[in-house]
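To start, the structure under review is shown below, and the notes come after it.
Just so it is clear, none of the values below were taken in a lab; they were calculated from the coordinates. Worth saying up front: this structure is predicted, and the values here are computed from it rather than measured. Note that each Cβ is placed from the backbone with ideal geometry, even for glycine, and that neighbours are counted across all protein chains shown.
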C-alpha cells in the first residue's frame, strides 16, 4: 500500500464513523446537548467537517468549500472562512442549530472527496515538508504536522459524537 492510500483511508474511516453516528438522528437529536455546556452531536459533526475543510484548503492553497460552494447557506451561518467552532464559548456552541444529518454528510463527503483528490494528485513526500501557514490559527507548521493534526482531531470529534449519541440514545445504538 502506498502511503497516500493509507492517509486517505484514515479520512474515509472518519467519514464512515460519522455516517454511523448520524444515522437515524433527528434534527432535535443533533441539537440536543447531553449536559449543560457540552457540545451537541450536530455541532461536533459541523466542527469536524469545518476543521477538515479549513485546514486542508489552507494546506492546498484553495478556497474553502464552505465559501466556494456556499455551504454556509445550508447551515444558516455566516460566510466567514475562520468560523469553524474553534474558540466557541459554551454559549455559542449551545446556540448552534444543525441542519439535518443528510446536509451535514453531504458537506462532509464533499470535503473528503477534495482531500482525497489533493492527497492522491498533489501531495508528495517533498510537499509534506513544506511549511504551511494557517491565518485562522496564526501558526506555521509543516504540512505533515498539520495533516496529522487534522486526522487526530477528526478521530477525536467523531468519537465524541459517538459518545454523545450513546448518552442520548442509550446502550445498543451501535452494532459493535
query = Radius of gyration and Dmax for the chain's Cα atoms, expressed in Å?
reply = 16.0, 47
inquiry  = Starting from the 7 Å offset along Cα-to-Cβ, what nm value, one decimal, do you get for the label separation of residue 126 and residue 28?
reply    = 5.8 nm
ask   = Residue separation times 0.36 nm, minus the C-alpha to C-alpha distance between residue 100 and residue 78: what's the value?
value = 6.1 nm
ask   = What angle, in degrees between 0 and 90 and rounded to the nearest 10, separates the Cα long axis of helix 143-169 from the longest principal axis of the Cα atoms of the chain?
value = 10 degrees
key: Per-selection metrics, segment 114-176 (Cα): Rg and Dmax in Å   = 16.7, 47
remark   = Note to self: C-alpha centroids of segment 83-148 and segment 3-80 sit apart, in Å, by 9 Å
task = Please work out how much length the chain gains when fully extended from residue 19 to residue 167, using 0.36 nm per residue of separation minus the C-alpha to C-alpha distance, in nm with one decimal.
result = 51.5 nm
request  = Please give the FRET efficiency for residue 67 paired with residue 35, using the beta carbon to beta carbon distance and R0 = 41 Å, rounded to the nearest 0.05.
outcome  = 0.75
key: Computed [θ] at 222 nm, deg cm²/dmol, the chain (DSSP H ≥ 4; -39,500 (n - 2.57); rounded to nearest 500)   = -20000 deg cm²/dmol
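Can you give the Rg to Rh ratio of segment 31-99, both from alpha-carbon atoms, with Rh computed by the Kirkwood formula?
Reported Rg/Rh, Kirkwood definition of Rh: 0.98.
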Per-peptide average of other Cβ atoms within 10 Å, ordering 17-23, 130-136, 80-86, 50-56 highest first = 50-56, 17-23, 80-86, 130-136
